[in-house]
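So the structure is just underneath, and the comments pick up after that.
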């Protein structure tokens, strides 16, 4: 009976508590929407700011919790949605990053190169003179061109298009002829015949130039249309290929991403479902009992209910899921007053242990880079001029060619740096011989030199290197002052210059470098007995001369624009010794050699080159003729400049 009364009391008290709780909850629900709106308006307005950003963060999360579905509802809906959806994410092919790195993708550079190759093939397959130009393009040519009609033959003289020969002018001005009507008519006839022939030639020249211009434009347009058509077809094929490739690639990546997303979300849902919902029960005497309610977990725990008399009853609490528990009263409850109760062993079933996934070990292989770098550049240009005997402004028919070649070899590893360079320039001019005006030779060179540089460096500190430098330069062919000279001024290895230097190099970057060598040996060689060695600072009969001095070098290369490159090499030599005339050279103007080249690149193969070269060498004797027609000798600044358009190729 006592047990029944006690249990009835407990459940009555629990019922009253539940009623009071529900009443309070209804009262809260009546005002919660107003309170929520009040706080939400403060958070969303720009007028008021949080004093503490952390507190503001928690307030925003509170509002999010109150406005959105509970986590359990979200999990149920999400799990149902994942079962019905085939995919979660999608991506358009325009959003694919690094498209050009996908295997099989035709890049813009490849398309450009193929189009250029197509153009070369098409242009090589067409011969300009084989393309027929429609005659309709030349209709009414006399209406389009400023030809001179026969009635206006006098314009040939009025417009200074031709000059009367001295013989005709003499006839026209001869008093004997002017007084004789018959002779006057003959002189006028000669004049008119000459002017008419000149008019016909002038008109023929204008018509020919017009026809050549129209023909060239038509043929160029014809070939370009073929090029554009072929390239347009190729670009369409390449774009179609890329679109199919990107579509297949994107579908594959999207499928794998969604598969991984499904697996990840399912794992997160399982984890969220298994997260415990912890509640704490307190009895009358302040004892606490923590209950971790979990889904898919089986456990029970004993708790003790007490009254004011310290009577206890054991209740078994079992976990059903995160929202439900089962309460069972122990049938062997001992209600003896003031008697200590034995504690029943509390047992708890733990959740299953999670699988531990280990990362697969990844082996990283570092690429092995060669310490050597090789780079070369070749250039060839050609110029041709033809002038016939009737060209009024004078001149001489000629042809010229220029070839340059440069090759760099660079080694860099740890603290060692070794740079070598070979540079060759050769330019020739050929004059078409005139009848009755024989010369010693019809060709003349305007550029001829080859140079080899090598520099070995060992890192000293920061951008400075201990360096040893060697330089050798000479020319390949005989050189003459003019086309009528018999004796050459220079020949192969005569002169030749060999310089050894040791010093310090400062190399802050790839574009700039300077070298200073306080100890240098410069040797001049003249090995050809037909060359006057005294013109190059040697004593008569000697084949070589060595000087000790200081060498300074400054090199700079830079891209001024995408298609314009500037390269300059400068060196000075200060002689510590004496010249052949006994003068001390240290305090005199040093010898210097400065060469600057500007490359204007038109396209992959066509380029324009400007080269300016200054040389001042006190050992080299120059000869020239003064205004008084007196031959002079001495040291002068040597200047050479050439500008040409030609073909270049980078190795």
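At a Förster radius of 30 Å, what calculated FRET efficiency corresponds to the Cβ-Cβ distance of residue 283 and residue 53, to the nearest 0.05? The calculated FRET efficiency here is 0.10. Extension gain, residue 186 to residue 213, is 5.7 nm, computed as 0.36 nm per intervening residue step minus the present C-alpha separation. Taking label positions 7 Å along the Cα-Cβ direction at both residue 38 and residue 151, the computed distance is 10.9 nm, reported to one decimal.
A crude spin-label estimate for the pair residue 193 and residue 124, with each label 7 Å from Cα along the Cβ direction, gives 5.5 nm. Using the Cβ-Cβ distance between residue 566 and residue 206 with R0 = 30 Å, the FRET efficiency computed as 1/(1 + (r/R0)^6) comes to roughly 0.10. Pairs of Cα atoms nearer than 8 Å and 6+ residues apart set the relative contact order; for the range 452-650 it is 12 percent. Length gained on full extension, residue 633 to residue 558, computed as 0.36 nm times the residue gap minus the Cα-Cα distance: 23.1 nm. Taking a point 7 Å out from the Cα of residue 254 in the direction of its Cβ, the residues of the range 105-139 whose backbone N falls within less than 20 Å of it are 105.
Nearest 0.05, what FRET efficiency do residue 459 and residue 544 give at R0 = 25 Å with Cβ-Cβ as r?
0.10
Taking 13 Å as the cut-off, the amide N atoms of the range 489-533 that come nearer than this to a point 7 Å along the Cα-to-beta-carbon line of residue 441 belong to 489-492.
Each reported figure results from applying straightforward, stated rules to the coordinates on display, with no laboratory input. What you see is a predicted model; the values in this text were computed from it and never measured. Here Cβ is always computed from backbone atoms with ideal geometry, including for glycine, and neighbour counts include all displayed protein chains.
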